[in-house]
Amino acid sequence: MRTAGTAVSPTDAVSGADNDLAGRVTPACTRSAAGPIMKSWLRRRPLLAFFTLAFGISWGGILIIAAAIGFDIAAPTTPLATVLFFVAMLLGPSVSGLMLTALMEGRAGLGDLRARLRRWRVGASWCAVALLTAPMLLLAILLLLSATIAPAFAPKFQWALLVVGLIAGAFEEIGWTGFATPRLLARRSAATAGFQFGVIWALWHALVVFLFTVGEMGDAWIVSFIVVYLATLTPYRIVMTWVYANTQSVLLAILMHASYTGWLLALFPATSSTQSLIWQAAFAGSLWLAAAFALRNTAHGEHRRPLLPFELQQKETTR
């Protein structure tokens, strides 16, 4: 501290000016450098960033909602909890995919995502696979079981629940297929990418399944999770990845996801817990057969797909 009238040496003056300049410039430099550093890290670890963010938003949102509404795992599930948890789940992959696409690829990436969301001319055979795989397998299994074991396995046709599937597919696949799938396919075969993604997709459901079932089932909830989610979503994602690798259509992925979730809810029979595990285990087995068919066709050669913006950037960097 200097008092009035104290002489200031040239060295002190320069030092003070440097300190003032540093105080003004350093924050700006830090901010300007943070952007490229973050983008560089995201380009090196896009899948880690995406899945961490997707799980964080969905699981974090669920835990916050559970605490806010006083959710009790021992009490019956309320409609309010179901709706709020559903919204939190949807926001995870969709927000993560859009945000990271904008940060990493800017307008070019968002434009490419928009184009893939509008891609509907993919061929009738691919549309049939996307729209009919889940309902045809479900109907075949439920009708067979209802005719041979018990009438309780008969499918219920609750058409309004198809809308839930469409909502889930529209939000989730913006991130799952719009962002993650092409990056998985960039370095992996459709079989490997689909299997790895399927396991992650199933695990993403684990928290909400635990909260809704552990109160009634206890430790047995994990058996239900393995049969109903892990054993079914993994092969279905393999088929979805195979379809996407050949069509590059996020729109078709949305419809395929909607077909699975919507028809599963619409046809869900009025069975006991044990009977439910029986038909869902059979459904899982049929999906693995469908995945094996997809893998067999993939083995004959991967479809050569157009490069996406992030792949074009990688190609330019390696030249």
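The values are calculated or read from the model by the stated rules, or taken from the named source; none is laboratory data. All figures in this text were calculated on a predicted structure; none of them were measured in a lab. Here the Cβ positions follow ideal geometry from the backbone for every residue, glycine too, while neighbour counts run over all protein chains shown. For the accessible areas, the whole protein counts, side chains as well, though only heavy atoms, and no ligand, DNA or RNA atoms are used. Shrake-Rupley method; radii C 1.70, N 1.55, O 1.52, S 1.80 Å.
The simple Förster model, with R0 at 35 Å and r as the Cβ-Cβ distance, assigns residue 148 and residue 223 a FRET efficiency of 0.90.
At a 1.4 Å probe, what is the % contribution of carbon and sulfur to the accessible area of region 63-217?
Values: 5480 of 7610 Å².
For region 63-217, the apolar C and S fraction of the accessible surface comes to 72 percent.
The slack between residue 120 and residue 87, meaning 0.36 nm per residue of separation minus the straight C-alpha distance, is 9.2 nm. Among 120-130, 161-171, 226-236, the peptide with the highest mean count of other Cβ atoms within 10 Å heads the list, and the full ranking is 226-236, 161-171, 120-130. Each residue of region 129-142 is assigned a 3J(HN,Hα), and the resulting list reads 4, 5, 8, 10, 4, 5, x, 5, 5, 4, 4, 4, 5, 5 Hz, derived from the Karplus form 6.51 cos²θ - 1.76 cosθ + 1.60 (θ = phi - 60°), x at Gly and Pro. Taking packing as the residue-averaged number of other Cβ atoms within 10 angstrom, the listed peptides 172-182, 88-98 run from highest to lowest as 172-182, 88-98.
Rounded, prolate or oblate for region 50-136? Axes are the square roots of the Cα gyration tensor eigenvalues, ordered a ≥ b ≥ c, and the cut-off for rounded is a/c under 1.5. Write down the numbers at each step before the final one.
On the way: a/c = 3.81, a/b = 1.47, b/c = 2.60.
It is oblate, given that a/c is not under 1.5 and a/b is not larger than b/c.
Using 0.36 nm times the number of residues separating residue 45 and residue 63, minus their current alpha carbon distance, what extension gain do you get? All intermediate terms of the calculation are to be shown ahead of the outcome.
On the way: separation 18, 0.36 × 18 = 6.48 nm, distance 2.64 nm.
Net length gain for the segment: 3.8 nm.
Summary of packing: across the peptides 66-76, 283-293, the per-residue average of other C-beta atoms within 10 Å ranks them, highest first, as 283-293, 66-76.
Rounded to whole numbers, the Karplus 3J(HN,Hα) couplings from phi for region 185-198 are 6, 5, 10, 9, 6, 4, 5, 5, 4, x, 5, 4, 5, x Hz, using 6.51 cos²θ - 1.76 cosθ + 1.60 with θ = phi - 60°, and x at Gly and Pro.
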